[in-house]
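Quick note: the coordinates plus some simple rules give every number you see, no bench work behind them. All figures in this text were calculated on a predicted structure; none of them were measured in a lab. Cβ coordinates were reconstructed from backbone atoms using ideal geometry, including for glycine residues, and neighbour counts include every protein chain displayed.
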Amino acid sequence: MARMRFLSDAERCVECNACVTACKNENEVPWGINRRRVVTISDGKPGERSISIACMHCSDAPCIAVCPVDTIYQTEIGIVLHSKDLCIGCGYCFYACPFGAPQFPQTGNFGTRGKMDKCTFCAGGPEEENSEAEFRKYGRNRIAEGKLPLCAELCSTKALLAGDGAVISDIYRERVINRGFGAGAWGWGRAYPNSGS
Amino acid sequence: MPRSTTSVATMKNNTATYARKATVIFLLALMAIFLTNSFSQTGSLAQAQTQAQNSQSPVGAPLGNSSDSDMWRAVKRGDRGNVSIIDKKSGVLIQSGGQFLRDLRNGPMFSYGAAAIIGIIALLSLFYMLRGRIRIDSGKSDVTVTRFNSFERFSHWLLAISFVILGLSGLNMIYGKFLLTPLVGKSSYGDIAMAGKWLHNFVAFAFILGLVLILIIWIRHNFPNRHDIVWLLKGGGMFTRGTHPPAKKFNAGQKILFWLIILAGASIALSGVSLLFPFQFSLFADTFEIINRLGFNLPTELTGIEEMQLSLVWHSVVSIFMVCVIIAHIYIGSVGMEGAFDAMGSGEVDKNWAKEHHSIWVDELESKERAKAASKQVAAE
Ligand code: HEM
Ligand code: SF4
Ligand code: SF4
């Protein structure tokens, strides 16, 4: 069975932030919240690299493990989703997440952080697929429409790949071979340990 | 068209030329690959392939650009890059402290915490079975003395009730998911947890107020004195009938409890406030700096998220410890000892009880009263 993953190729990302914008627009993400971000290392220096990062939909997700409520769950194809009805906004998931993925509408306003928001792999939430309620809370459910996340679909250099882990890691491996250098995809060791790919 | 008239022989000839050309191109390509590889120091294709399979190591290992791997190592360590969005903190690509939080919170803290709470209850039950209720040895008298005035009782109950609410709603954050979800279902449990969180966040302020109040009103009774050693050596007379080591208003056990509540309570309150207002304080970096002056070598450069992780773990560990302490305190203040509850209930205790447990305090009260009566008499004359 397919196992959905993100892959960000630092050798290709040109920091155009199209993925960030696409995500905000497609999911109508609230003001001030970024489900995806592009981080540039050594900005302006030789060897500068950028990485587009959001929830990696970890295989043994730390956020699920520490959540004191049953807010977060993983679908059959490995997408990590959450229920905003159950979330109590404690922020534990953010403390546990290696990639800083969970976001909160308010960060420190007297403990009222509000409901957690994060990348859904464009797969909505527990509500009925493509319903109004689902869209309002979680954004578009492109997976239900047979489409991949918009960020990766839009990426002009195909630095950001989304899809079945086996397929995208093959694409990436081919790139590494053609380049003649490089190693595993960034963050995969942490997000998908024992993945073998 | 000339092509269409070509004979079979020329076609064969052509094929041979193509084959020769292909061989030359193939050899050239091989040479090119060989040359590129000997110029790049990364080695063969096979090596690149094995590297690609190793998902643990970072991408971008260089062609003679050695600073690349340093850069990725720095990222792995949690160094911050640049982002074009407002939240500059999000420039950190990866943080590893979450693993420690998860391991501890879902591992030892969870199981040892439960064991400690169950353990203390078991221990107290055993004590009750062996020793029974500690009676007033000399029986009840008809006279009572005022032990705690209404303001003292108010402060105590403010602290106590808020502690119980905070303790229950806090423990719910750790154990509720496993204990209550199977009973009430996910959705109702979500409501319970939400209510618990609101209670926890607001009642916290009552707890802090209670803490400050008891500190102010009782600190003067809680400095150690020589009677405390005797009291402790005799186990407070708790284990043997008829033994009553002397004590002032508070005995050594109560003094230890007082300081535990003040110190652990303050520590819980500080870490709690840092959880309430995330990323505002550097509680642990500051504390570690002070501890380091005693010769320790704790990290003083902590990221915001490490501060939060430590606050969460510390808050719950100290809380569980205090829950155990307070369970024992509740036991001795209610079922464990005859006459004890009145002190905080009505504030009036039986005189015989007071004489047994706080002999010096009673003496002091009596001499004060005598002095008062004497001065009144003087005034009347
Ligand atoms: C004095 C002020 C206190 C403050 C400001 C405070 C604040 C907090 C906050 C903000 C949390 C995180 C969950 C949430 O957002 O609700 C929390 C968790 C917790 N609190 Fe408190 N608290 C206080 C006192 C206490 C006391 C007195 C106890 C125990 C008797 C306690 C036990 C706990 C426990 C067990 C947790 C769960 C930790 C975990 O899930 O690992 N707290 N507290
Ligand atoms: S990246 Fe963070 S939020 Fe996403 S699954 Fe992993 S731990 Fe959870
Ligand atoms: S903020 Fe919400 S999703 Fe995150 S751990 Fe707390 S309850 Fe779970």
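Observations
- Projected-area average for the protein assembly as shown over all orientations - Cα convex hull basis, square nanometres: 41.9 nm²
- Cross-linked pairs B:Lys248/B:Lys351; A:Lys115/B:Lys177; A:Lys84/A:Lys158; A:Lys84/B:Lys76: Cα-Cα separations exceed 20 Å for A:Lys84/A:Lys158; A:Lys84/B:Lys76.
- A simple count of charges around B:Trp157, restricted to other residues whose Cβ falls under 15 Å of its Cβ and scoring Lys, Arg +1 and Asp, Glu -1, yields 0.
- Efficiency of FRET from Cβ geometry, B:Leu294 and A:Asp43, R₀ 51 Å, rounded to 0.05: 0.80
- Stretch gain in nm, segment B:Ile330-B:Ser367, where the contour uses 0.36 nm per residue and the Cα spacing is subtracted: 10.1 nm
- No disulfide-compatible partner, judged by a Cβ distance under 4.7 Å, exists for the following cysteines of chain A: A:Cys13, A:Cys16, A:Cys23, A:Cys58, A:Cys67, A:Cys87, A:Cys90, A:Cys97, A:Cys122, A:Cys155.
- If R0 is taken as 30 Å, the Cβ-Cβ distance between B:Ser96 and B:Phe277 corresponds to a FRET efficiency of 0.75.
- A simple spin-label model places the labels of B:Glu381 and B:Ser125 6.4 nm from each other, with each point 7 Å out along Cα-to-Cβ.
- Added length on full extension, which subtracts the Cα-Cα distance from 0.36 nm per residue, A:Glu76 to A:Lys115: 11.6 nm
- Projecting label points 7 angstrom from Cα along Cα→Cβ for B:Ala115 and B:Asp286 puts them 3.5 nm apart.
- Amide N of the range A:6-49 lying under 16 Å from the label point, which is placed 7 angstrom from the Cα of B:Lys88 along Cα→Cβ: A:39-44
- Under the Karplus curve 6.51 cos²θ - 1.76 cosθ + 1.60, θ = phi - 60°, whole-Hz ³J(HN,Hα) for the range A:78-94, x wherever Gly or Pro sits: x, 7, 9, 10, 9, 9, 6, 6, 8, 4, 9, x, 7, x, 4, 4, 5
- Degrees separating the helix A:18-27 axis from the principal Cα axis of chain A, which is the longest one: 30 degrees
- Here each label is just a point 7 Å from Cα along the line to Cβ, and for B:Ser188 and B:Ser141 those points are 5.3 nm apart.
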